[in-house]
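K.L.:
I am attaching a structure below and will ask some questions about it afterwards.
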Amino acid sequence: MPRALITGITGQDGFYLSEHLLAQGYEVYGLIRGQANPKLQIIERTLPDVRIVEGDLLDQASLMNAVQKVKPDEVYNLAAISFVMLSWNQPELTGEITGLGALRMLEAIRLTTGASSSRSKSGAGIRFYQASSSEMFGKVRETPQSETTPFHPRSPYGVAKAYAHYITVNYRESYGIHACSGILFNHESPKRGPEFVSRKITLAAARIKLGLQKELLLGDIEPRRDWGYAGDYVRAMHLMLKAKKPDDYVIGTGETHQVKDFARLAFGRLGLNWEDHVRTDPQFIRPAEVDLLIADASKAKKELGWKPDVSFRQLVEMMVDADLAQESKLSAASA
Ligand code: NAP
């Protein structure tokens, strides 16, 4: 039975990746940080087959212990401070977790398996996936963006991800580790954190429909994003680690929509006009914006046979429907 260790198990992608790998017959271990992490109960309830191991991306020894204990075939490094706005408020912590955290996990693999140099062709046994991000493209140099597009990150998050990306490439080239980096464009689901704009919109639309909220305050509604479904994207992560040769891949839909398009569809699903309820508020505007992100995922399509199944409209409707069901249940329970 293949064994996977996932950091960021309590996040959106950790959930979908665990579900996917369990269905593929994997033994899945999730790294959990902190004392009495409240999200542990959610994991135990929703993913009872996932085993838990303690560790923190800020603590090298804990990662070594986790790797030694689990003896994984594959490590997926999904943990990060992943909310771009927060990275301006906590840039140093973002650098430590989102950037150096990847290095610590790679070191845990290298030191545990004794990978020494690419000349030894050791391959180090453990395959490694790094969750890179389209935010590394930032002030985009070309459109659409592919694996060869230069990076110009526009936030402390994007800068930290660029470091983690290059250290992954470097460990592949230096130590022969099967290390891959997935440059993923925005992907969403009903499990997306409520601080992210997609979920903020679908949650607000549901609450406004139920009379629980009056308006929705957003930052800039003009930027364009390439939004896909998280369940489709975790398949790509797995395909990268199953491929013969480690490499980096852009993963996205190749379609772009403005934030206001997302709002129009979400409110429209509930028979509401978004313009009656959405207001922009400067406090949510990023100090430096990423204007137009759109993926050229042709390499992943050609080499991994990956393509997304869920359309933009299906994604928005799935999220609105889930939030309407959740909020109706919560308001009925409190009535
Ligand atoms: P998420 O929901 O924000 O989850 C982040 C995870 O990181 C949580 O499980 C959190 O655990 C964990 N974490 C934070 N600090 C940690 C630390 N010091 N040690 C160990 N774990 C720590 O993120 P996501 O949306 O699933 O995304 C997964 C990864 O893909 C992230 O690296 C993200 O930056 C990247 N990515 C996401 C997208 C997207 O659109 N979703 C696009 C490109 C790249 P706690 O429960 O302990 O807080």
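The values are calculated or read from the model by the stated rules, or taken from the named source; none is laboratory data. The structure displayed is predicted, hence computed values, not measured ones. We place every Cβ from the backbone using ideal geometry, glycine too, and count neighbours over all the protein chains shown.
K.L.:
Mind counting the residues in region 85-108 that are more than 9 Å from the ligand (Cβ to nearest atom), out of contact with any strand residue (DSSP E or B) (no Cβ under 6 Å at 6 or more places or on another chain) and part of a helix (DSSP H, G or I)?
P.N.:
16
K.L.:
Which residue is surrounded by the most Cβ atoms within 10 Å (Cβ to Cβ), if the candidates are limited to region 161-189 and must be out of contact with any Asp or Glu (no Cβ under 7 Å at 6 or more places or on another chain) and within 30 Å of ASP323 (Cβ to Cβ)?
P.N.:
HIS187
K.L.:
Would you mind stating whether LYS191 is of a type in the set (D, E, K, R), more than 16 Å from the ligand (Cβ to nearest atom) and either at pLDDT below 95 or part of a loop (DSSP other than H, G, I, E, B) (or both)?
P.N.:
no
K.L.:
Restrict the check to region 287-304 and report whether at least one residue is among the hydroxyl-bearing types (Ser, Thr, Tyr), in a helix (DSSP H, G or I) and in contact with a Ser or Thr (Cβ under 9 Å, 6 or more places away or on another chain).
P.N.:
yes
K.L.:
Something else: In region 243-268, which residue that is aliphatic (A, V, I, L, M) and surrounded by fewer than 24 Cβ atoms within 10 Å (Cβ to Cβ) is farthest from LEU324 (Cα to Cα)?
P.N.:
Checking each candidate, the answer is ALA243.
K.L.:
Scanning for something closer than 20 Å to HIS238 by Cβ, assigned by TED's automatic domain parsing to the domain that holds ARG154 and of a type in the set (Asp, Glu), does region 52-72 turn up at least one residue?
P.N.:
For region 52-72, residues closer than 20 Å to HIS238 by Cβ, assigned by TED's automatic domain parsing to the domain that holds ARG154 and of a type in the set (Asp, Glu): absent.
K.L.:
For region 1-43, which residues satisfy the criterion of being among the acidic types (Asp, Glu) and either away from the ligand (no atom under 15 Å from the Cβ) or more than 25 Å from TYR229 (Cβ to Cβ) (or both)?
P.N.:
GLU27
K.L.:
If we scan region 60-70, do we find a residue that is within 13 Å of the ligand (Cβ to nearest atom), surrounded by 23 or more Cβ atoms within 10 Å (Cβ to Cβ) and within 18 Å of the chain's Cα centre (by Cα)?
P.N.:
no
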